[in-house]
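Here is the structure we will look at, set down as structure tokens.
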Amino acid sequence: MLQIIVRDITERKKYEEKLEFLAARDPLTELLNRRSFVESLQISISEAKVTGELVAVLYLDLDRFKMINDTLGHEAGDEILKLFSKRLRKYTREEDVIGRMGGDEFVILLKNDSMVSIKKSVKRIYKAIQSPYQVKGQDFMVTSSIGISIYPTNSENPKKLVQYADKALYDAKVNRNKYRFYGQG
């Protein structure tokens, strides 16, 4: 006598896929998390070594974001973070990679690029994030500062590129609502 046991594992597969997705993503914005972003950066650097093109890391954070959380609450702050991430998706190219480092800090990887193209992308992104955000029927003007580092000019090490973009960000934040390239005052 032959017996066949059939088990539908569709739900289990969906659950495993969701776990895999969440392991690489920020739960609030669904952007790549820090680890996944650095892995993508490493791959892009390896590709750029072959193609000879540039790779840029943009490190962004929202100016005075703590004030939003303190005055309006974390729910409103979370909504602004989600709107900010949607805006980043809208104004970057399909091949670019966006991640959330934590809190109000985000990163963008511009790959397979030239310096002219990087500068155009930075200006486009900077302009896009200057518009007000609407939360609970109110407009909020939230500015952002951006620090930029370039492979291979600043480093060939992915972690150093992130570190240098972060350093440039803090140089930009001196006057707030600015962008700065690493090593260019």
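Report whether or not Leu41 is surrounded by 16 or more Cβ atoms within 10 Å (Cβ to Cβ), more than 23 Å from Ala128 (Cα to Cα) and either among the hydrophobic types (A, V, I, L, M, F, W, C) or at pLDDT below 95 (or both).
Judged against the criteria, Leu41 is a match.
Taking segment 64-81, which residues are within 18 Å of the chain's Cα centre (by Cα) and either among the β-branched types (Val, Ile, Thr) or surrounded by fewer than 16 Cβ atoms within 10 Å (Cβ to Cβ) (or both)? Don't jump to the end; show me each part of the working.
At the first step, the residues of segment 64-81 found to be within 18 Å of the chain's Cα centre (by Cα) are 65, 77-81.
Listed by number, the residues that qualify are Asp78, Ile80.
Conditions tested, residue by residue: (1) in contact with a Phe, Trp or Tyr (Cβ under 7 Å, 6 or more places away or on another chain); (2) modelled with pLDDT under 90.
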| residue | (1), (2) |
| --- | --- |
| Asp96 | no, no |
| Met101 | no, no |
| Leu110 | no, no |
| Ser114 | no, no |
| Ile118 | no, no |
| Ser121 | no, no |
| Tyr133 | yes, yes |
| Gln138 | no, yes |
Would you pick out the residues in segment 117-138 that are crowded, with 18+ Cβ neighbours inside 10 Å and farther than 15 Å from Leu54 by Cα? Ile125, Tyr126, Ile129, Tyr133, Val135
As an exercise: evaluate Met141 against (1) exposed (fewer than 13 other Cβ atoms within 10 Å of the Cβ); (2) touching a Leu at 6+ places or on another chain (Cβ under 9 Å) and give the number of the one condition it does not meet. (2)
All positions within segment 134-185 that are in contact with a Pro (Cβ under 6 Å, 6 or more places away or on another chain) and either acidic (Asp, Glu) or at positive phi (or both): Asp139
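The values are calculated or read from the model by the stated rules, or taken from the named source; none is laboratory data. For clarity, every value in this text was computed on a predicted model and none was experimentally measured. Positions of Cβ are generated from backbone atoms using ideal geometry, with glycine treated the same way; all protein chains shown enter the neighbour counts.
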